[in-house]
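Every read-out reported here was derived from the displayed coordinates using simple, explicitly stated rules and does not represent laboratory data. Everything numeric here is computed off the predicted structure, so don't read it as measured data. Ideal geometry is used to build each Cβ from the backbone, glycine not excepted, and the neighbour counts take in all protein chains shown.
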Amino acid sequence: MRRNIILAGSFAAKAFVIFLIILSSATVLGQYAEFDFDKKVVKFDPAHEGFIFEHNFYFTNTGDTPLEVYSHEVECNCIQLIYPEEPIKPGERGYINMTFDSSGKSGWQYREIVIHANTRKKSKLELRVKVLN
């Protein structure tokens with residue numbers, strides 16, 4: 001009979017531990033970082049072909065957990081990005097540096113940049129410029 005009590009207590013302890021793991025996982029899974037960009041679209045003044053445009057997209061992490069940028073997608077290799085290597089803590093500010101090389105381009109240029117981070121959804125940035133010949 002004593003053996004049954006030990007097994008029952010062991011089962012209860014295991015069940016309690018599993019419950020705590022599930023509860024803590026649910027709490028962690030519900031936490032995200034969140035970009036709050038000062039400006040998501042940048043419009044440059046017209047410039048001649050070959051000019052290199054540069055802009056910093058400033059943001060605040062308004063989420064619950066440190067924000068980490070993993071990668072990005074751009075439409076062409078004419079855009080280069082530099083983003084923070086270290087996580088941005090909740091409430092802190094950071095920026096993503098963008099350069100656009102207009103060499104070989106002419107007319108209106110619209111470029112979308114997709115940022116992949118530990119946020120609920122992808123963040124999209126955009127640049128617009130008219131390249132003159």
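The modelled label-to-label distance for the pair LYS122/GLN80, using points 7 Å beyond Cα in the direction of Cβ, is 2.4 nm. Each 5 Å bin from zero up to the one holding the largest Cα-Cα distance in the stretch 79-133 carries the following percent of pairs: 4, 14, 23, 22, 14, 10, 7, 4, 1. For the pair THR99 and ASP64, the difference between a 0.36 nm per residue extended length and the Cα-Cα distance amounts to 9.6 nm.
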